[in-house]
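The values are calculated or read from the model by the stated rules, or taken from the named source; none is laboratory data. All values reported here derive from a predicted model rather than from experimental measurement. Ideal geometry is used to build each Cβ from the backbone, glycine not excepted, and the neighbour counts take in all protein chains shown.
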Amino acid sequence: MARGLLIEIGTEEIPATYLKEAAEGFKNSMLSLFRERNLSHGEVKLYFTPRRIALGVEELEEREPDRKEEVKGPPEKIAYKDGEPTQALLGFCKSQGVSPEEVYVKETEKGRFVFVKKKIEGEPAGEIIRKNLPSILRSIPFPKRMRWETSGFEFARPIRWLVVIFGEEVIPVEVAGVKAGNKSRGHRFLGKEVEVTPENYEKMLEQERVIPDFEKRKKIILEEMKRLAEEEGGRVREDEELLNEVACMVEYPKVIKGRFDGEFLSLPSDVVITAMKAHQRYFAVERNGELLPVFLAVIDTEPSEEIVKGNERVLKARLEDARFYWEEDLRIPLKERIKELSGVVWQEGLGTLEDRVKRLEKISLRLHDILGMGKREVIEEGVMLCKVDLVSSMIRDGKEFTSLEGLIGAEYAKNQGYPPDVARIIYEHYLPRFSGDKLPESPESVVVAIAERLELIAGAFVVDAVPTGSKDPLGIRRAANTLYDILFGKEIHLSLEEIFKFTLSLFGKEELLPSVLSFMQQRLERYLEERGIRYDVVDAVVSVYYDDPVEAKKKVDALREMMGTPDFTELIIGQKRVANILKGVGERGEVKPELFKEEMERVLYERARECEPELLNAVKAHDYKRALEILLSLKPHIDKFFDDVLVMCEDEGLRENRLNLLHYVRSLFLKVGDLSKVVE
């Protein structure tokens, strides 16, 4: 038999930024429990609002299936004496509730032992849930937790009610002093308490002005915003992040439309949008790409004229603040603000913002020389101005506008007559702000964006602010990921060793180079794996070569393309054999052909020597598919060598020369990667 299950944790308002991840964590933990206990079930529905996290499960089995468990007993020599059971065996049988006739002997790594297969009766699903639910609730992931009662239970917010119903039965669970029942609560102001079942949960809550389905709330919000925007002949400016946030802030979503004075549209559109979004979570409305003096707000109650007027007053105050900052900042030329950077500490141990800008300039100009990208004079001017908006009133004093860092600086630069390419550097050198974000477009911006990340990563090592576990105080994991986004997205070949050596020299800390490069190697491995590339293929290349990440990625792609073919699989097996033979063997010397004794030694050596120039040309041309084809041509000779030649022979001279030969052949393969690391 199977029944529906409903679990609802009712709370005080949980912060919107906590909610979705916490709810999904709860669902995953419950599903893991069902899998562990072999409880089959039907569709699983997750619900969450600011005041609840709930899970509905259809057709959950009433009891876990019975199972047989193999239990290990004493060693055979202790269990039996002269073929008869000893007291040790009889005691084991008694403890397991079986007779001596039911045990059997089995060979193990530690010798022969007696075993018995014991039937374990399945536990009722309700009892499994009762025992495990409190610990599952404790494990729900929240950034911060709180205690509010004497048991010491911790949760994001106090738990006020609990619903745990299996079919028609309330499972007697108690968490944080709250006993489970069958009554949920509707909207705080518009609804009332209501009895629910696994089948009618969503319907009953909707009657009490709660939409428990997150996606349904989003759909309601989107449809209403679309309708109100179309009344103005416009469309809602898309903002998925904001939409997800407001959908986590309300239980009964309604949308209101408000207006503001059109004179504020003289401000840059991003300033107006930020004023709407940062504190009030308003949506902008646009027509043909231009903002309209209209905003849309999501509320958690029935609309009224009073609510609309109140929201309009709040936005007007925000926009007036923004206009004040804008006008104040424009009174001071950007070049005059450069000197203010000397009064702002960048990071303890790394000097001021002025010191940082000077380092960025040197790194950017070095990159310009290496890459040949952009105009030198544009880079110089753009770098000197790229941080000045940090001391502007808009960013320094207007807390809700700090997200405009870079963007507002570019607006100031354009307003004060700087060339567009210089203004773009101020904004675009921050791009991408996160992995998957848009990349800087102008070559000068690309150069400064790379310099920004190089300086940040190197500086973190200088002040020992490197990531540990989940902590990353300066965000250098993200810096490394976005650096790789730029290098791959723009296909820029850059030696990490060369440029980090130069960057660290600006701090006088060249000795940190090995640590920085090791970090970059690890990040490259993780970066490629997170994009769906098999870990062993990544390891095969990156463990050998990562200095030019774009070049390393081309090697990885060539390996992926050739994988799965029969010859390639055999070649990997051969390379594993070579690697095993050379494991623990130190530096090798030159191959001495005069010491060859077997014909296949000579043949393998000559074929490898013939292949080497063509292989090096393919590598030089970045044609790694061709390089692998050349290496594949060595396969029959490698196979024959292992068939005919005893590498680890007694004659020391022969043995050393054969090891040197294998080391030489392997060195050719390492031009692409260590194929022995590929799992086949």
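One line per residue, one yes/no per condition, for (1) over 30 Å from Gly73 (Cα atoms); (2) buried (at least 19 other Cβ atoms within 10 Å of the Cβ); (3) at pLDDT below 95; (4) touching an Asp or Glu at 6+ places or on another chain (Cβ under 7 Å):
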{"position": "Lys106", "(1), (2), (3), (4)": "no, no, yes, no"}
{"position": "Ile129", "(1), (2), (3), (4)": "yes, yes, no, no"}
{"position": "Ile159", "(1), (2), (3), (4)": "yes, yes, no, no"}
{"position": "Arg185", "(1), (2), (3), (4)": "yes, yes, no, yes"}
Can Ile492 be described as aliphatic (A, V, I, L, M) and touching a helix residue (DSSP H, G or I) at 6+ places or on another chain (Cβ under 6 Å)? no
Just to be sure I understand the filter: pairs with C-beta atoms under 6 Å, separated by 6 or more residues or on different chains, first member in the stretch 504-525 and closer than 24 Å to Ala552 by Cβ, second member assigned to a helix (DSSP H, G or I) and basic (Lys, Arg). Which pairs pass? Leu513/Lys501
Flagged in the stretch 641-675 as out of contact with any Leu (no Cβ under 8 Å at 6 or more places or on another chain) and basic (Lys, Arg), in numbering order, are Arg655, Arg658
When the stretch 622-665 is examined, which residues are found to be surrounded by fewer than 19 Cβ atoms within 10 Å (Cβ to Cβ) and either outside the structural domain of Lys597 (by TED's automatic domain parsing) or in contact with a Cys (Cβ under 6 Å, 6 or more places away or on another chain) (or both)? Arg655
Given the conditions (1) farther than 30 Å from Ile486 by Cβ; (2) part of a helix (DSSP H, G or I), which single one is not true for Arg560? (1)
Considering the stretch 540-594 alone, what residues qualify as being surrounded by fewer than 20 Cβ atoms within 10 Å (Cβ to Cβ) and of a type in the set (S, T, N, Q)? Ser543, Thr565, Thr569, Asn580
Of all helices (runs of 4 or more DSSP H) fully inside the stretch 388-500, the set with 1 or more residues that are of a type outside the set (Val, Ile, Thr) and over 30 Å from Ala278 (Cα atoms) is 443-462, 476-489
Scan of the stretch 26-79 for residues that are small (Gly, Ala, Ser), assigned by TED's automatic domain parsing to the domain that holds Glu193 and crowded, with 16+ Cβ neighbours inside 10 Å, ordered by number: Ser29, Ala54, Gly56
Per the filter on the stretch 286-318, residues within 21 Å of Glu232 (Cα to Cα) and of a type in the set (A, V, I, L, M, F, W, C) are Leu291, Leu292, Val294, Phe295, Leu296, Ala297, Val298, Ile299, Ile307, Val308, Leu315
Quick check on Arg523: is it of a type in the set (Lys, Arg) and either closer than 21 Å to Gly489 by Cβ or outside any helix (DSSP H, G or I) (or both)? yes
Here the residues within the stretch 156-199 that are under 25 Å from Gly25 (Cβ atoms), of a type in the set (A, V, I, L, M, F, W, C) and either without any contact (Cβ under 8 Å) to a residue 12 or more places away in the chain or in a loop (DSSP other than H, G, I, E, B) (or both) are Ala156, Ile171, Val173, Ala176, Ala180, Val196
Within the stretch 408-433, residues being within 26 Å of the chain's Cα centre (by Cα) and surrounded by fewer than 22 Cβ atoms within 10 Å (Cβ to Cβ) number 4
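One line per residue, one yes/no per condition, for (1) closer than 25 Å to Val378 by Cα; (2) among the hydroxyl-bearing types (Ser, Thr, Tyr):
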| position | (1), (2) |
| --- | --- |
| Ser442 | yes, yes |
| Arg453 | yes, no |
| Arg477 | no, no |
| Thr482 | yes, yes |
| Ser495 | yes, yes |
| Ile499 | yes, no |
| Gly508 | no, no |
| Val538 | no, no |
Which one of the conditions (1) modelled with pLDDT under 90; (2) among the basic types (Lys, Arg); (3) closer than 30 Å to Asp213 by Cβ does Lys119 fail to meet, given that it meets all the rest? (3)
Name every residue in the stretch 108-127 that is over 18 Å from Ser95 (Cβ atoms), surrounded by fewer than 16 Cβ atoms within 10 Å (Cβ to Cβ) and in contact (Cβ under 8 Å) with a residue 40 or more places away in the chain, in order of residue number. Glu123, Pro124
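Residue by residue, here is whether (1) within 30 Å of Arg453 (Cβ to Cβ); (2) at pLDDT 95 or above; (3) among the hydrophobic types (A, V, I, L, M, F, W, C); (4) surrounded by 15 or more Cβ atoms within 10 Å (Cβ to Cβ) holds:
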position: Asp300; (1), (2), (3), (4): no, yes, no, yes
position: Ser304; (1), (2), (3), (4): no, yes, no, no
position: Glu348; (1), (2), (3), (4): yes, no, no, no
position: Arg356; (1), (2), (3), (4): yes, yes, no, yes
position: Asp369; (1), (2), (3), (4): yes, yes, no, no
Check on Val585, not basic (Lys, Arg) and not in a helix (DSSP H, G or I): yes
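Examine the stretch 367-386 for a residue that is closer than 22 Å to Thr274 by Cβ and aliphatic (A, V, I, L, M), and state whether such a residue exists.
Checked the stretch 367-386: at least one residue is closer than 22 Å to Thr274 by Cβ and aliphatic (A, V, I, L, M).
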When restricted to Asp557, Asp539, Asp548, the only residue free of Cβ contacts under 8 Å to residues at least 60 places away in the same chain, of a type in the set (D, E, K, R) and closer than 30 Å to Glu498 by Cβ is Asp548
Which condition from (1) within 44 Å of the chain's Cα centre (by Cα); (2) outside the structural domain of Thr17 (by TED's automatic domain parsing) is the one that Val173 breaks? (2)
Residues of the stretch 200-219 that turn out to be of a type outside the set (Phe, Trp, Tyr) and outside any loop (DSSP other than H, G, I, E, B), as a count: 11
Give me the pairs: first residue in the stretch 368-384 and within 10 Å of Ser445 (Cβ to Cβ) and not assigned by TED's automatic domain parsing to the domain that holds Gly406, second residue modelled with pLDDT under 95 and in a helix (DSSP H, G or I), beta-carbon distance under 8 Å, and six or more apart or on different chains, which are they? none
